[in-house]
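Below is one structure, written out as structure tokens; the observations come after it.
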Amino acid sequence: MNKSHLEFLASPEWAAMLQADLLPWLSTAADLGDDVLEVGPGPGLTTDLLRSRTARVTCVEIDEPLANALTDRLAGTNVEVIHGDATATGLDDDRFSAATCFAMLHHVPSTELQDQVFAEVHRVLRPGGVFLGTDSLDVEPIRIGHLDDTFVPIDPATFPARLEAAGFVDVSTIEHGEYGFRFLARKPGSRSP
């Protein structure tokens, strides 16, 4: 991630945008349950929103300095940070009540690896668990913000089929504004406590 992009994701401006836009949707989109996986938390401003809404959050962050900084900042809370790869987390099957990722899927360097992330999230979710998140659209202002950065945007038109191929059902994508979209999907089965 380029320096200016990373600085923005740790900024008060991004925190305010999350409070104004993401938080209301997150509060109504689905019941997160008691054990939530967050894929790619970066500096962790989204983690701050999640940790007050569930008993336990596990973050998987591929960037070691970001994972270490988030571990230090959230020590002693209900958050566990794992420095690891979301395509192969090593976490238990059927563990999580929900999985989230916010504005990070476009940083996964290929569609094949993105599909592996979807399959891994499906594997670690409990039956009936939800997968929800947001991502950026392929528009000029977003591309400019990703100069010298990994940017593999997801096409919202093909995204539901990709999640269904990973085993998800009840997939919905919702265009939101000019710059991004939200999604929600469920692993088949009945949700257990």
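The values are calculated or read from the model by the stated rules, or taken from the named source; none is laboratory data. Here the structure is a predicted model, which is why all the values come from computation and not from measurement. Note that we place each Cβ from the backbone using ideal geometry, even for glycine, and neighbour counts take in every protein chain shown.
Just a few scattered comments:
- Looking only at residues of region 142-158 that are of a type in the set (D, E, K, R) and touching a residue at least 40 places away in the same chain (Cβ under 8 Å), we find that the one that is surrounded by the fewest Cβ atoms within 10 Å (Cβ to Cβ) is ASP148.
- Taking first residues from region 164-180 that are assigned to a loop (DSSP other than H, G, I, E, B) and partners that are buried (at least 17 other Cβ atoms within 10 Å of the Cβ) and among the acidic types (Asp, Glu), the Cβ contacts under 9 Å between residues at least 6 apart in sequence or on separate chains come to ALA166/GLU120.
- Boolean, LEU74 is modelled with pLDDT of 95 or more, in contact with a Cys (Cβ under 7 Å, 6 or more places away or on another chain) and either exposed (fewer than 13 other Cβ atoms within 10 Å of the Cβ) or over 18 Å from GLY180 (Cβ atoms) (or both): no
- If you go through region 159-170 and keep only what is within 26 Å of LEU9 (Cβ to Cβ) and either surrounded by fewer than 19 Cβ atoms within 10 Å (Cβ to Cβ) or touching a Gly at 6+ places or on another chain (Cβ under 6 Å) (or both), you end up with just ARG162.
- Residues within region 145-192 that are modelled with pLDDT under 90, hydroxyl-bearing (Ser, Thr, Tyr) and out of contact with any helix residue (DSSP H, G or I) (no Cβ under 7 Å at 6 or more places or on another chain), tallied: 3
- Check on LEU137, of a type outside the set (S, T, N, Q), over 20 Å from GLY84 (Cβ atoms) and under 18 Å from the mean Cα position of the chain (by Cα): yes
- Looking across region 108-118 at every residue that is more than 11 Å from the chain's Cα centre (by Cα) and crowded, with 16+ Cβ neighbours inside 10 Å, the one that is farthest from PRO156 (Cα to Cα) is identified as GLN116.
- The listed residues are ASP31, ASP48, ASP63, ASP35, and the only one of them that is out of contact with any strand residue (DSSP E or B) (no Cβ under 7 Å at 6 or more places or on another chain), within 17 Å of VAL130 (Cα to Cα) and among the acidic types (Asp, Glu) turns out to be ASP31.
- The single condition from (1) crowded, with 20+ Cβ neighbours inside 10 Å; (2) of a type in the set (S, T, N, Q); (3) part of a helix (DSSP H, G or I) that THR134 fails is (3).
- Among the conditions (1) touching a strand residue (DSSP E or B) at 6+ places or on another chain (Cβ under 9 Å); (2) modelled with pLDDT of 95 or more, the only one that ILE142 does not satisfy is (2).
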